[in-house]
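Engineer: Below is the structure I would like to discuss, written out as structure tokens.
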Amino acid sequence: MYDELKAFTLASGPTEFGVSNIDDLRPHFDALPMDQTEGLSYAISIGGSVSSAVLKGCIIGPTRHYLHNYRMVNWMLDQTAAKLTGIIQNRGYNAMPIPASQIVDWEKQTAHMSHKMAAIRSGLGWIGRNNLLVSPTYGSKIRIATLLTDMPLEADKPVEQDCGECKKCIAVCPVSAIKDSHKDWNKPACLEKLKYFAKAHNVGQYICGLCVKVCNPY
């Protein structure tokens, strides 16, 4: 079933697919009660790449063009996750799609669950210095959605890779929020700049694109 789900996902537009066991993460989901996710021990992580060509236009911050591409990739991922849910349910199992970009706490900037943690376990990448998921193929130019299920699937292995000596994201950050380790990432400084960009660049959403644009691990 793994191969069938992966083939369907990649044929639907997303470029990344992986599976992990996340039962131990369930107590840490921010907006999903334990009883709602009971038995949903597997996570299917799917990723879609944003356009490098569009990101070239992000010189001092986000653009309306990037906003549209960002939203369309999220929409594609959500559509695919919804279709995967139907396929899994038709096989007699339960499935819960988690939106690619739905914030449940704006100040903390948290979603229903951490897509990144599931994606790391699923082999999609690692957490970069910019505190974003970094794909071996697409860098940080990737959006993620997650599907929780009780369908028993073979789990993938995390990638054994990191940012190495690359520090391009540190140099490009307009508020110096990015440090040598993602553990030292200055979230408040980043969030304040995102708030500024949302208004000043007329995008109405907390996006930047600058560290995403320069992240090229391949």
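Values in this text are rule-based calculations from the coordinates and carry no lab data. Keep in mind it's a predicted model, so treat the numbers as computed, not measured. Ideal geometry is used to build each Cβ from the backbone, glycine not excepted, and the neighbour counts take in all protein chains shown.
Engineer: Beyond 27 Å between alpha-carbons counts as too far, so tell me which of Lys83/Lys193; Lys116/Lys179; Lys83/Lys195 fall in that bin.
Structural biologist: Violating the 27 Å limit, Cα to Cα: Lys83/Lys193; Lys83/Lys195.
Engineer: Modelling each spin label as a point 7 Å along the Cα-to-Cβ direction, I'd like the Asn94/Leu10 distance in nm, to one decimal.
Structural biologist: Output for this residue pair reads 3.1 nm.
Engineer: Going by how many other Cβ atoms sit within 10 Å of their own, how do Tyr66, Tyr196 line up, fewest first?
Structural biologist: Fewest to most other Cβ atoms nearby, the residues stand as Tyr196, Tyr66.
Engineer: Also, quick follow-up: Any idea what the relative contact order of segment 2-214 is, in percent, if you count C-alpha pairs under 8 Å spaced at least 6 apart?
Structural biologist: Normalised by residue count, the contact order of segment 2-214 is 26 percent.
Engineer: On to the next question. Return the sequence-ordered ³J(HN,Hα) values of segment 112-123 in whole Hz as given by the Karplus equation 6.51 cos²θ - 1.76 cosθ + 1.60 applied to θ = phi - 60°, using x for Gly and Pro.
Structural biologist: 4, 7, 7, 4, 4, 5, 5, 5, 4, 5, 7, x
Engineer: What is the local net charge at Leu153, summed over the other residues whose Cβ is closer than 14 Å to its Cβ (Lys, Arg +1; Asp, Glu -1)?
Structural biologist: Working: positive: Lys6, Arg91, Arg121, Lys157; negative: Asp3, Glu4, Asp23, Asp150, Glu154, Asp156.
Every neighbour counted, the sum reads -2.
Engineer: Can you give the helix-only mean residue ellipticity at 222 nm for the chain, where every DSSP H stretch with n ≥ 4 adds -39500 (n - 2.57) and the sum goes over all residues, rounded to the nearest 500 deg cm²/dmol? Numbers along the way, then the final one.
Structural biologist: On the way: 7 runs with 72 residues, N = 218.
That calculation yields -10000 deg cm²/dmol at 222 nm.
Engineer: Quick one: what are the phi-derived ³J(HN,Hα) couplings along segment 33-48, Karplus 6.51/-1.76/1.60 with θ = phi - 60°, whole Hz, x for glycine and proline?
Structural biologist: Listing the rounded values in order: x, 4, 5, 6, 9, 4, x, 8, 8, 10, 10, 9, 9, 10, x, x Hz.
Engineer: Give the Rg (one decimal place) followed by the Dmax (whole number) of segment 6-133, computed from C-alpha coordinates and expressed in Å.
Structural biologist: When restricted to Cα atoms, segment 6-133 yields Rg and Dmax of 15.4, 50 Å.
Engineer: I would also like to ask the following. For Arg64 and Asp23 in the same chain, what is the full-extension length gain: residue separation times 0.36 nm, less their Cα-Cα distance, in nm?
Structural biologist: 10.9 nm
Engineer: Quick one: which residues, 5+ away or cross-chain, put their amide H under 5 Å from the amide H of Tyr42? H built at 1.01 Å from N.
Structural biologist: Ile22, Thr149
Engineer: Does segment 1-56 come out rounded, prolate or oblate, given a ≥ b ≥ c as the square roots of the eigenvalues of its C-alpha gyration tensor, rounded meaning a/c under 1.5 and, failing that, prolate meaning a/b above b/c?
Structural biologist: Oblate is the answer for segment 1-56, as a/c is 1.5 or above yet b/c matches or exceeds a/b.
Engineer: Take the alpha carbon atoms of segment 1-63, find their center, do the same for segment 187-206, and report the distance between the two centers in whole angstrom.
Structural biologist: Between the Cα centre of segment 1-63 and that of segment 187-206, the gap is 24 Å.
Engineer: In nm, to one decimal, how far is the Arg71 label point from the Asn216 one, both placed 7 Å along Cα→Cβ?
Structural biologist: Distance between label points: 2.9 nm.
Engineer: Isolated Cys in the chain by the 4.7 Å beta carbon test?
Structural biologist: Within the chain, the cysteines lacking a partner Cβ under 4.7 Å are Cys58, Cys163, Cys166, Cys173, Cys190, Cys208, Cys215.
Engineer: What share of all Cα pairs of the chain, in percent, falls into each consecutive 5 Å distance bin?
Structural biologist: That works out to 1, 7, 14, 19, 20, 16, 11, 7, 3, 0, 0, in percent per bin.
Engineer: Excluding Ile127 itself, what net charge comes from residues whose Cβ is under 11 Å from its Cβ, given Lys and Arg +1 and Asp and Glu -1?
Structural biologist: That works out to +2.
Engineer: Further question on the same structure: Which cross-chain or sequence-distant (5 or more) residues have an amide H under 5 Å from the amide H of Ser140, H modelled 1.01 Å from N in plane?
Structural biologist: It is Ser135, Cys215, by chain and number.
Engineer: Still on this structure, I have one more. Based on DSSP H assignment, which helices of the chain show an axial Cα extent of at least 18 Å together with a mean Kyte-Doolittle hydropathy greater than or equal to -1.0?
Structural biologist: 64-90, 187-200
Engineer: Using amide H atoms built in the peptide plane, which far-off residues or other-chain residues are under 5 Å from Val104 H to H?
Structural biologist: Thr110, Ala111, His112
Engineer: Quick one: Karplus J couplings for segment 14-30, per residue in order, coefficients 6.51, -1.76, 1.60, θ = phi - 60°, nearest Hz, x for Gly and Pro?
Structural biologist: Computed from phi, the couplings for segment 14-30 are x, 10, 10, 8, x, 10, 9, 9, 10, 4, 6, 8, 4, x, 9, 5, 6 Hz.
Engineer: Next question, about the same structure. Take every Cα-Cα distance within segment 124-218, group them into 5 Å bins from 0 onward, and report for each bin the whole-number percent of pairs it holds.
Structural biologist: Answer for segment 124-218: a P(r) of 2, 13, 20, 21, 17, 12, 7, 5, 2, 0 percent.
Engineer: Follow-up question, since we're still on this one. Taking the Cα centroid of segment 144-160 and of segment 64-87, what is the distance between the two, rounded to the nearest whole Å?
Structural biologist: 19
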